[in-house]
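> Pasting a structure below so you can have a look.
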Amino acid sequence: MSDGGHVWWEDAVVYEVYPRSFADENSDGVGDLPGLRSRLDYLADLGVDAIWLTPFYPSPLADGGYDVSDYCAVDPLLGTMADFDHLVKDGAALRIRVIVDLVPNHCSSAHPLFRAALAAPPGSPERARFIFRDGRGPGGELPPNNWESQFGGSAWTRVTEADGHPGQWYLHLYDSGQPDWDWRNPDVPALFEDVIGFWLDRGVAGLRVDVAHGIYKDPDLPDIVGTHPLNAPSPYRHRPELHALFRTWRAILDSYPADGFPGARTAVGEVWYDRPETLMPYLAPGGLPQVFNFQLLLPAWRAAAFRGAIDSALAVTSGSRAPWLIGNHDVPRPASRYRLDEGFTPQMISRLVALGDRNAETGARRARAAALVLLALPGSAYIYQGEELGLPEVTDIPAAARQDPTFRRTHGESPGRDGCRVPIPWAPSGTGFGFSRTDGVSRPADPWLPEPADWGRYCVESQLADEQSILNLYRAALRLRRAHPALGRGTLRWLDSGPGLLCLAREPGFVLAANLGTAPAPMPAHREILLASGPVTGGGLPPDTAAWLAA
């Protein structure tokens, strides 16, 4: 706790690290915790308050680590528990907190408890920890209901019983390698209370809760009737039982001291929703401290659409309870998404594949402008690794190299999410563009996902030397934000503006002007330009450009 009851996470800038793609210390082509630790100075210079690590636990990698086989260990491919402890300690020395991913909806099919369930008979205590059911139809050959996996195909897989005959089915709302836990079984919440305590005791500042809106299922497992929006309340989304669970977790978080570093512990839920109002029960007193606000992922590149997205979010909550973001490891990168004028849809990745390199300059300009919009809003903000480099979505990954289960389960109809997970470049040339450390003698292994031939143009080394780079834009924005704490706190006020111009005021005396139109726009009255995403001349604010102004 600090001044006036302010808590660090209310206006923190958090950097999402996808460990396998950030930095590779042992040159095996896979990023690791020692590699991340070696780059902490970069993150401190960038100006972030915390890092969120996507799963680094042991996993068969059916879904990029979100199929966890041991919740209280480090995958040997990524390091050791000592490496993790050193990471937390080194981060603390730089005033960088560590947030870890909690994956409570499902585990890996390699998890010992699921293996025990497969070996046990129907109706056993082992199977009761998961959602096993008899099938429908003659001989039970049909799934128990019509639920579909979010990755494509049925959400049910039939097992072969010990006697060699087809038997029950188990639920997996994602890949078949990710069986869903049954949270109505008391063993499951008890297990996760132990997991939460394990990581908090190791000094983490918080948790990011995966699929926080989908943990509980209707016990009757009814069919979905008619067309149903994926993220609307349903038999497996936004169940009311969630909120008692989250109050229990909040009590655990609040039991840790708020004084000193890392301060009050937080948890931020991944809660996808059909409309912002669906978030309201999650934000009731005593629940999770925060849930993600995905509104800025959705709008088309128009001022009215952005304003509507911001207003709809603020009508439900302040940014302190629902952090803003423009990208993460599940959606196409902003520099590519903004090549298209329309808003985000699940089909956008296929559209970007067809688009190729066209409109790349437009997308890059817009990504720079969007960064200044993101960081000018009240509350907390999350940056996904590589956004500060302006990395585009990689759309030409060979089929044989793709890892995302969506690609496999849709038989290639959806490219999946690999394109935003390609390792980030640190140097202008060399194997992996500096992603893998080299001793100058041996050649590092190729990165686990192939990088484009021109990836070096986006590298950290070159961008640090270029005053006009997007990396230096982010660095300058975070310095200003840190120098003016009111930027992350308080409220905003919309200013009258012309067509295409998004214009808001923050107190004291700060104005954001962002031109999302097609013609230059006059800027509001101001004393000076503090920062601009691109060149600004006397002719007004150019299209696809944003500026921070001192009023």
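The values are calculated or read from the model by the stated rules, or taken from the named source; none is laboratory data. All values derive from a computational prediction rather than experimental measurement. Every residue, glycine among them, receives a Cβ derived from its backbone with ideal geometry; neighbour counts consider all protein chains shown. What goes into the accessible areas is simple: the full protein's heavy atoms, side chains included, and nothing from ligands, DNA or RNA. Shrake-Rupley method; radii C 1.70, N 1.55, O 1.52, S 1.80 Å.
> When only Cα pairs under 8 Å and 6 or more residues apart are kept, what is the percent relative contact order across region 1-136?
Contact order relative to length: 20 percent.
> If you place +1 on the Cβ of every Lys and Arg and -1 on the Cβ of every Asp and Glu, how big does the dipole about the Cα centre of region 115-267 come out, in debye to the nearest 20?
260 debye
> Given axes a ≥ b ≥ c from the Cα gyration tensor, I'd like to know whether region 217-310 is rounded (a/c under 1.5), prolate (a/b larger than b/c) or oblate.
oblate
> Also: Is there a quick way to get the dipole size of the chain? I mean about its Cα centre, with the Cβ of Lys and Arg at +1 and of Asp and Glu at -1; what is the value in debye to the nearest 20?
1240 debye
> Check Arg97: other-chain or 5+ apart residues with amide H under 5 Å from its amide H, H built from backbone geometry?
Those lying under 5 Å, H to H, from Arg97 are Ala50, Ile51.
> Next up: Restricting the count to DSSP beta bridges whose residues both fall in the chain, what percent are antiparallel, rounded to a multiple of 5?
Counting DSSP beta bridges with both partners in the chain, the antiparallel share is about 55 percent.
> On to the next question. Determine the sum of side-chain charges near Ala244: Lys and Arg each +1, Asp and Glu each -1, restricted to other residues whose C-beta is under 15 angstrom from that of Ala244.
With Lys, Arg at +1 and Asp, Glu at -1, the net is +2.
> If you don't mind, another one. Got a sec to turn the phi values of region 359-372 into Karplus ³J(HN,Hα) couplings, 6.51 cos²θ - 1.76 cosθ + 1.60 with θ = phi - 60°, whole Hz, x for Gly and Pro?
Once rounded to whole Hz, the list reads 6, 4, 5, 4, x, 5, 4, 5, 5, 5, 5, 4, 4, 6.
> At 1.4 Å probe radius, can you tell me the per residue accessible area of the chain in Å²?
38 Å²
> Further question on the same structure: Taking all protein chains as present, what is the carbon and sulfur share of the accessible area of region 444-551, in % to the nearest whole number, probe 1.4 Å?
Accessible surface attributable to carbon and sulfur in region 444-551 totals 55 percent.
> If you don't mind, another one. Which one, (i) 29.4, 98; (ii) 23.4, 80; (iii) 24.7, 82, gives Rg and Dmax of the Cα atoms in Å as derived from the coordinates shown?
(ii)
> Can you tell which of Val211, Pro444, Gly517 lies farthest toward the positive end of the dipole of the chain, using +1 and -1 charges on the Cβ of basic and acidic side chains (Lys, Arg; Asp, Glu)?
Gly517
> Order these peptides, 157-168, 443-454, by their mean beta-carbon neighbour count within 10 angstrom, highest first.
Per-residue Cβ counts within 10 Å, averaged per peptide and sorted highest first, yield 443-454, 157-168.
> Something else about it: For region 22-99, which whole-number percentage of the solvent-accessible area (1.4 Å probe, protein heavy atoms only) is attributable to carbon and sulfur atoms?
Within region 22-99, the accessible surface is 51 percent carbon and sulfur.
> Something else now. Pop out the carbon and sulfur fraction of the accessible area of region 315-394 as a percent, whole number, probe 1.4 Å.
51 percent
> What value, in deg cm²/dmol to 500, does the helix sum -39500 (n - 2.57) over DSSP H runs of n ≥ 4 give at 222 nm once divided by the residues of the chain?
Taken over the chain, the calculation gives -6500 deg cm²/dmol.
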